[in-house]
Amino acid sequence: MTPCVSLSMVGVLLLLSPASCQTVTGPVQDLSNRNADFATRLYRAVASRTDDNILLSPLTLSAAMTALSGAAAGPTAEQLLQGLSLTGLDPETIPDLFQSLRAVVLEGDGAVNLQQGVAIFPDQSFQVSPAYLDLVQKFGGIVQSLSYIAPQDAADTIDRWAQEQTADRVQGLVTNLDPQTQLLLTTATSYQTRFSPSFNSSVTQDERFFVDRYHVVMVPMMFRADKYFLAYDRSLKVGVLKLPMADGAAMLVVLPDEDVDVTAVEEEVTGEKIRTWIRQLKKTKLEVQLPRFLLERSYSLSDVLQTLDITQVFQDTADMSGMGGAKGPTLTQVFHKSVVSVDESGGASGGGVSVFSSLPPRLTINRPFLFIVYQPASSSVLLMGRVIDPTKK
């Protein structure tokens, strides 16, 4: 049996060949980097409020919030752009930049199979201008007026929209709507991992996962021996493993050393830190054990966003005149729900074990870890999550 090793031990085994991939440059890359900066600030704000598993879809939420900023004016718009890490960009160019980024990530050759939707639901008492309807389409979104006087009917409409966008994987997006709602922003995202090379389900077996020093659960642990890209961050004492996907995306698994709490690592994760990890990845032979898990997380984000100094859009004094009318509606709530399934999909037969002249070290992901799904071509952060207990959604 090959002994399990910590990533700090694996770090000395790295080969010298750097990881490389085709990348985009210029304004689109700058936008992707800014989105990642917003993503990590949002993630830290959510993580500070819960000890449970976490799942966020930053690209989808960035698109939604930026589409909303297109309706804002004056100080409301300025604060939104600052909160979204978009200060300094010409507001007139942002919709086209997002459209170009979406083309790289979600359309054409190399598109990531991320099912996602962005929707803005104003109360039907507000007349939305045709120009704003066209603007939101550049962010891959829609605008649909609803009557919140019948809150259950409005909730049902939103839930049907979320199911249509995600092939029925995101359900129950909203509940208990306020009849006084003026404006909702909703996002829904679903992603099914298809690793390449894939894990073989025939070699998956139950193993222990150490939730904490007092709590151990048994989880299906996937296995594969292959050549992987790996990095070690000595400042944070974490290992970073890259798992490529068949659709061109990749997952970074961030595993703290045994004596490091995952929450301490989260406090240091920034967009630049993620980009640094990616640049430092190097190829090595490795046996990998990764728990199978399914996460389904939903959030009401108005309070979280206000901790990021996005406050005016939620106040009665908000200037949303770009949506239509003299002042426009006040944002009532931001709903965000994501689902990710991490399993052996695509690897039911063949593969799983590679033959090496000598046994490589084994890396077993058997304690709380972070994961980041991104597109290497643009470094766009598609999903960010924390797995405390793989047996729970």
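The values are calculated or read from the model by the stated rules, or taken from the named source; none is laboratory data. As the structure is a computational prediction, the values presented were derived from the model and not from experiment. Cβ sites come from the backbone with ideal geometry, for glycine too, and all protein chains shown count toward neighbours.
Worth pointing out:
- Some residue of the stretch 135-158 being hydroxyl-bearing (Ser, Thr, Tyr), at pLDDT 95 or above, over 23 Å from Leu42 (Cβ atoms) and surrounded by 18 or more Cβ atoms within 10 Å (Cβ to Cβ): yes
- Taken together, Lys273, Lys283 contain a single residue that is part of a helix (DSSP H, G or I) and modelled with pLDDT of 95 or more, which is Lys273.
- Residues of the stretch 93-118 that turn out to be under 19 Å from Ala162 (Cα atoms) and over 20 Å from the mean Cα position of the chain (by Cα), as a count: 0
- Qualifying residue in the stretch 139-146 (condition: closer than 30 Å to Glu78 by Cα, assigned to a loop (DSSP other than H, G, I, E, B), within 21 Å of the chain's Cα centre (by Cα) and in the same structural domain as Gly70 (by TED's automatic domain parsing)): yes
- The residues of the stretch 172-200 that are in contact with a helix residue (DSSP H, G or I) (Cβ under 6 Å, 6 or more places away or on another chain) and surrounded by fewer than 18 Cβ atoms within 10 Å (Cβ to Cβ) amount to a single one, Pro179.
- Residue that is in the same structural domain as Leu68 (by TED's automatic domain parsing) and under 18 Å from the mean Cα position of the chain (by Cα), where the choices are Val334, Val254: Val334
- Pairs linking a residue in the stretch 52-65 that is over 28 Å from Arg367 (Cβ atoms) and without any contact (Cβ under 8 Å) to a residue 40 or more places away in the chain to a residue that is surrounded by fewer than 24 Cβ atoms within 10 Å (Cβ to Cβ) and not hydrophobic (A, V, I, L, M, F, W, C), with Cβ atoms under 9 Å and 6 or more positions apart or on different chains, are Ser62/Arg34; Ser62/Ser85.
- Residue satisfying all of: in the stretch 313-333; crowded, with 23+ Cβ neighbours inside 10 Å and outside any loop (DSSP other than H, G, I, E, B); modelled with the lowest pLDDT among these: Met323
- Exactly one residue out of Leu236, Leu243 is modelled with pLDDT of 95 or more and closer than 19 Å to Leu294 by Cα: that is Leu243.
- Members of the stretch 274-301 found to be among the hydrophobic types (A, V, I, L, M, F, W, C) and surrounded by fewer than 19 Cβ atoms within 10 Å (Cβ to Cβ), listed by number: Leu294
- Restricting the stretch 37-92 to residues that are small (Gly, Ala, Ser) and assigned to a loop (DSSP other than H, G, I, E, B), the residue that is nearest to the chain's Cα centre (by Cα) is Ser57.
Each row is one residue, and each column tells you yes or no for (1) more than 20 Å from the chain's Cα centre (by Cα); (2) assigned to a loop (DSSP other than H, G, I, E, B); (3) at pLDDT below 95.
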| site | (1), (2), (3) |
| --- | --- |
| Gly347 | yes, yes, yes |
| Leu370 | no, no, no |
| Ala377 | no, yes, yes |
| Leu382 | no, no, no |
| Arg386 | no, no, no |
| Lys393 | no, yes, yes |
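- Answer from Asp168, Asp109, Asp153, Asp159 - the residue that is more than 27 Å from Ile388 (Cα to Cα), of a type in the set (D, E, K, R) and assigned to a loop (DSSP other than H, G, I, E, B): Asp109
- Qualifying residues in the stretch 201-214 (those that are outside any loop (DSSP other than H, G, I, E, B) and among the hydroxyl-bearing types (Ser, Thr, Tyr)) - the one surrounded by the fewest Cβ atoms within 10 Å (Cβ to Cβ): Ser202
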